[in-house]
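What follows is a single structure, written as C-alpha cells, with notes after it.
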Amino acid sequence: MFALTEKDRPLAQMLLDFGACPRCILRFCGAGLQTPYRCPHKELLSEVHTFLKNNKEEEGRCCETADPPYKRIRLQDPEVAEGLNQNGSLQSSLMESSENVACENSPPNVCSVCLGILQESCERDFVKKVCQKVNSAEYQFTSFVFSVSFPPQLSVREHAAWLLVKQEMGKQGLSPAKEDIVQLKEAYKWIIHPLLSEELSVPADGKVVDANFNFILQSVFTRMAVIKALEKIKEEDFRKHFPCPPTSPKTPCAALEIQCTNGAIFVAGRYNKYSRDLPQTPWIIDGERKLESSVEELISEPLVTVFKVDSFNFSSSGREDVDVRTLGNGRPFAVELVNPRRVHFATEEMKELQQTINNSTDKIKVRDLQLVTREAIGRMKEGEEEKTKTYSALVWTEKAIQKGDISFLDEMKELKLDQKTPLRVLHRRPLAVRPRVIHTMQSAYIDEHHFRLHLKTQAGTYIKEFVHGDFGRTKPNMGSLLGTTADILELDVESVDVDWPPALDN
Amino acid sequence: AVTMAPSVTERYFTRWYKPDVKGNPCEDHCILQHSNRICVITLAEAHPLLQNGKTIKSINYQISANCSRLQNKVSGKSKRGAQFLTELAPLCRISCSDGDEYTIYSCIRGRLMEVNESILDNPSILQDKPSTEGYIAVVLPKFEESKGITQGLLTQKEYQEVLLKRFNSTA
Ligand SMILES: [Zn+2]
C-alpha cells in the first residue's frame with residue numbers, strides 16, 4: 001500500500017480514531033517520502049480507509065458492534081467506494097466518532113492535529129488565493145521562497161498527538177524518536193511547493209530570495225513561549241490540562257495574512273552635487289524641515305517610482321556638508337530598494353532612468369547608474385577610510401597678501417596636522433586629537449584677500465577646520481601658516497578616489 | 001570689491017553676555033553658543049583684561065587645592081568623566097603684571113569638555129583673539145537644559161545697551 005506498512009496499522013488506526021487527517025497519519029507513522037503527501041486529500045483518505053479496513057477484517061469481528069461506521073464501509077466494495085470518490089460516506093465514518101454528523105459530500109472533518117493545515121490549506125483553492133495575491137502585486141520574479149508561520153496552538157496539539165503515539169508504540173514494545181515524525185511544516189512545504197511552483201510557473205528555491213509569502217494565524221501566546229512551556233511540562237500534567245486525544249475543532253484555522261515581499265535590489269552610481277543649499281539627507285531639526293530637498297531624495301525618488309518599492313536606504317562613500325559641492329567624477333553611492341515589484345532592467349533602461357533623474361533637477365547629476373549586488377556595496381565603504389580626497393577651497397585672509405606670500409604652500413608635502421574633533425561635531429563624536437596628513441597643496445592667487453587652494457588629503461581630514469583653524473583647535477592651520485586670520489568661503493570636493501562602482505561609457 | 005563675509009564665530013555661533021560677573025564691575029563674559037548646543041566661554045570685549053596696558057602674567061586652571069580644570073578628561077560619544085559646572089563654577093584665575101587677579105567663570109550649567117591650553121604658553125592670544133583662539137573653555141550643556149541655559153544672559157543688543165549706560169555714567 002501507499003506509504004504505510006503492516007507495522008503502522010495500529011498506530012494509523014488510533015490516529016484516525018481520534019480525528020487525525022490522512023497526512024497527519026502519514027507524518028506520525030514517519031512516512032518520509034514526499035510523493036504520498038502530494039496525493040489529493042480525498043484519495044489519501046480513501047486509501048487510509050481501505051488500508052485500515054483490511055486491518056479491521058484481520059482483527060476480527062469483535063469490533064463490529066463496537067464500531068458501526070466501519071461496518072458500513074466494510075459492507076461496501078472498496079473499489080466502489082474509491083470509484084465513487086465520495087468522501088462523504090467515508091467521512092461520516094470519521095465523524096460519527098465526534099458529535100458532528102456530516103452529510104454526503106460535505107467537506108472533510110477538520111483534523112484534530114493540524115487544524116486543517118494539511119487539508120484545506122493544501123488545496124488548489126488556497127494556492128490560487130495565494131497566487132492571486134502575488135499576481136495582483138505585479139512582482140517580477142524568477143523563483144520564490146515560501147515561509148509559513150503556524151499558530152502556537154498547533155504545537156500543543158502536536159504534543160498531545162505525540163504523547164499518544166509514544167503510548168501506542170510503547171504497547172508494541174517500541175520507543176519512537178521524535179525525529180522520526182515528519183514535521184508539520186516540512187510536510188506542508190512538500191505539498192505546497194509543487195502546487196505554487198506550477199501556479200506561478202517558477203521554481204521554488206530555498207536560497208534565492210525573490211518572492212516570499214507568510215501566513216500567520218493569530219494567537220495570544222508567542223510561539224517560543226509555547227514551545228518552551230511544552231519542553232518543561234511533565235507528561236502527566238499535560239494530560240491533566242489538555243485533552244489527549246485533542247478534540248476535533250468545528251472549523252479549520254484560516255490564513256490570517258498573506259504577505260508578499262520581493263528581495264531587495266541595489267542600484268549604485270556616482271553623483272555630483274552642484275548646489276550649496278542641498279543637504280545629502282533630509283535636514284530636519286525638531287521635526288521641522290530646514291531645506292526642501294536632499295541628494296538622497298533627488299536620486300531615490302525616481303528609483304522608488306520606477307522599481308515600485310516600499311522604501312529605500314541610501315548610502316554613500318562619505319558625505320559632504322550642505323554648503324559643499326561635489327564635482328569631478330562624483331561620489332559613489334548605493335540605494336537599497338526594499339520590496340521592489342520590478343527587478344529586471346536592461347542596460348538601456350538604466351540609462352534612461354539616469355536621464356530621468358538628471359532631467360528632474362539641476363542641483364545634482366548622476367552617472368554610472370547600474371544594478372549591483374548587496375555584497376558589492378561593501379567595496380564602496382571599504383574605500384572610505386583609506387582613500388585620499390581632493391578638494392578645492394576658496395580662502396580669505398584678513399591680511400593683504402601677494403602672490404609670493406602663498407607660493408610656499410605648493411612646496412609643502414605630507415603636512416602633518418593635529419586635528420581636535422571639530423566643535424561643530426563635538427556634540428555627537430568623541431573628543432580626540434587625530435593626526436591627519438595634507439599630502440599636497442596648490443594655490444592660485446585671486447586678489448589681496450582671496451586665493452584658491454587645491455588640496456589632496458587623507459580621508460577623514462576636516463578641510464574647513466584646517467582653513468579657519470576651529471578656534472586654534474586644528475594645528476597647524478591656514479591662518480597659522482600664513483600668519484594671519486584665514487577663513488574658508490567655499491569648498492568643493494574635486495574627487496573621491498574610490499574605484500567603485502565600475503565606470504560605464506555614458 | 002572685497003565684501004566681508006561673516007567670520008567663523010558669527011556664522012556658526014550666537015553671542016550671549018553676562019556683565020559684571022560675581023558683582024565685579026566690567027568683568028563681562030561672553031558665551032558663544034553653537035547651533036549644536038556646544039558653548040565656548042570667552043572674555044567679552046569690555047573685560048578689564050582686554051583693556052590697554054594690561055599684561056597677563058599667568059593663567060592658572062588649578063582653581064582649588066584639589067581641583068584642576070587641566071585634569072578634566074572626557075571619553076566616548078557621551079563624554080563620560082567630564083567635570084560638572086554650575087553657573088558660578090570658576091574655570092581659571094588670571095593674574096596680571098600689575099598685581100590684579102581675575103577669575104573666569106563658566107556662566108552656564110554643563111559639562112566641561114576642554115580648557116584652552118594654548119593660552120598657558122602664550123597668554124597674549126587671549127588678548128589678541130578673545131573670540132576665537134583665545135577662548136577659555138568648551139562646555140556642553142545638558143540636552144534638556146540647552147534651551148533654557150541662556151535665560152539669565154543678555155543678547156548682543158542688550159549688552160550694547162549695558163555698555164552704553166556704563167559709558168554715559170562714567171562720562
Ligand atoms: Zn492533519
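The values are calculated or read from the model by the stated rules, or taken from the named source; none is laboratory data. Model, not experiment: these values are computed from the prediction. Cβ placement follows ideal geometry from the backbone for every residue including glycine, while neighbour counts extend to all protein chains displayed. Surface accessibility is based on the protein's heavy atoms, side chains included, excluding ligands, DNA and RNA. Shrake-Rupley method; radii C 1.70, N 1.55, O 1.52, S 1.80 Å.
Observations, loosely collected:
- Taken together, A:Pro422, A:Pro430 contain a single residue that is within 14 Å of another protein chain (Cβ to nearest Cβ) and in contact with a helix residue (DSSP H, G or I) (Cβ under 8 Å, 6 or more places away or on another chain), which is A:Pro422.
- Pairs with Cβ under 6 Å, 6+ apart, first in the stretch A:448-474 and within 13 Å of chain B (Cβ to nearest Cβ) and of a type in the set (S, T, N, Q), second buried (at least 21 other Cβ atoms within 10 Å of the Cβ) and part of a helix (DSSP H, G or I): A:Thr474/A:Glu465; A:Thr474/A:Phe466
- Residue match in the stretch B:129-136 (condition: part of a strand (DSSP E or B) and closer than 17 Å to B:Ile59 by Cβ): no
- Residues in the stretch A:18-35 that are away from the ligand (no atom under 14 Å from the Cβ) and not polar (S, T, N, Q): A:Gly30, A:Gly32, A:Leu33.
- Scanning the stretch A:8-17 for residues that are more than 15 Å from the ligand (Cβ to nearest atom) and either acidic (Asp, Glu) or within 33 Å of the chain's Cα centre (by Cα) (or both) yields one hit, A:Asp8.
- Test for A:Ser92: is it open to solvent by less than 80 Å² (accessible area, probe 1.4 Å) and at pLDDT 90 or above: no
- Residue, surrounded by the fewest Cβ atoms within 10 Å (Cβ to Cβ), within the stretch A:219-261, restricted to residues that are in contact (Cβ under 8 Å) with a residue 60 or more places away in the chain and closer than 30 Å to A:Arg342 by Cβ: A:Ile258
- Within the stretch A:122-169, tally of residues that are more than 24 Å from the chain's Cα centre (by Cα) and within 16 Å of the ligand (Cβ to nearest atom): 14
- Number of positions in the stretch A:171-188 that are open to solvent by 40 Å² or more (accessible area, probe 1.4 Å) and away from the ligand (no atom under 15 Å from the Cβ): 8
- Pairs, first outside any helix (DSSP H, G or I) in the stretch A:346-363, second of a type in the set (A, V, I, L, M, F, W, C), C-beta under 9 Å, six or more apart: A:Thr361/A:Leu298; A:Lys363/A:Leu278; A:Lys363/A:Val295; A:Lys363/A:Leu298
- Residue tally, condition open to solvent by 40 Å² or more (accessible area, probe 1.4 Å), modelled with pLDDT of 95 or more and in a strand (DSSP E or B), over the stretch A:445-466: 6
- Scoring A:Lys399 on the criteria (1) in a strand (DSSP E or B); (2) within 14 Å of chain B (Cβ to nearest Cβ); (3) closer than 17 Å to A:Ala486 by Cα leaves a single failure, condition (1).
- Selection within the stretch B:43-90: residues that are assigned to a helix (DSSP H, G or I) and touching a Leu at 6+ places or on another chain (Cβ under 9 Å). The member of this set that is nearest to A:Val433 (Cα to Cα) is B:Leu70.
- Among the residues listed as A:Lys456, A:Lys420, A:Lys403, the single one being within 29 Å of B:Met113 (Cα to Cα) and outside the structural domain of A:Gly328 (by TED's automatic domain parsing): A:Lys420
- Residues in the stretch B:44-82 that are within 14 Å of chain A (Cβ to nearest Cβ), open to solvent by less than 40 Å² (accessible area, probe 1.4 Å) and of a type outside the set (Val, Ile, Thr): B:Asn72, B:Gly76, B:Lys79, B:Ala82.
- Subset of the stretch B:20-42 (residues that are among the small types (Gly, Ala, Ser) and part of a strand (DSSP E or B)): none
- None of A:Lys416, A:Lys381, A:Lys403 is farther than 24 Å from A:Phe333 by Cβ, among the basic types (Lys, Arg) and touching a residue at least 40 places away in the same chain (Cβ under 8 Å) except A:Lys403.
- The set of residues from the stretch B:132-160 being modelled with pLDDT of 95 or more and open to solvent by less than 30 Å² (accessible area, probe 1.4 Å) comprises B:Gly134, B:Tyr135, B:Ile136, B:Ala137, B:Val138, B:Val139, B:Leu140, B:Pro141, B:Leu153, B:Tyr159.
- Odd one out for A:Trp500 among (1) open to solvent by 10 Å² or more (accessible area, probe 1.4 Å); (2) within 30 Å of A:Ala334 (Cβ to Cβ); (3) touching a helix residue (DSSP H, G or I) at 6+ places or on another chain (Cβ under 8 Å): (1)
- Lone qualifier among B:Leu163, B:Leu120 - being within 23 Å of A:Lys420 (Cα to Cα), open to solvent by less than 90 Å² (accessible area, probe 1.4 Å) and in a helix (DSSP H, G or I): B:Leu120
- Close pairs from the stretch A:4-23: first within 16 Å of A:Gly173 (Cα to Cα), partner among the polar types (S, T, N, Q), Cβ under 7 Å, at least 6 apart: A:Arg9/A:Asn55; A:Pro10/A:Gln172
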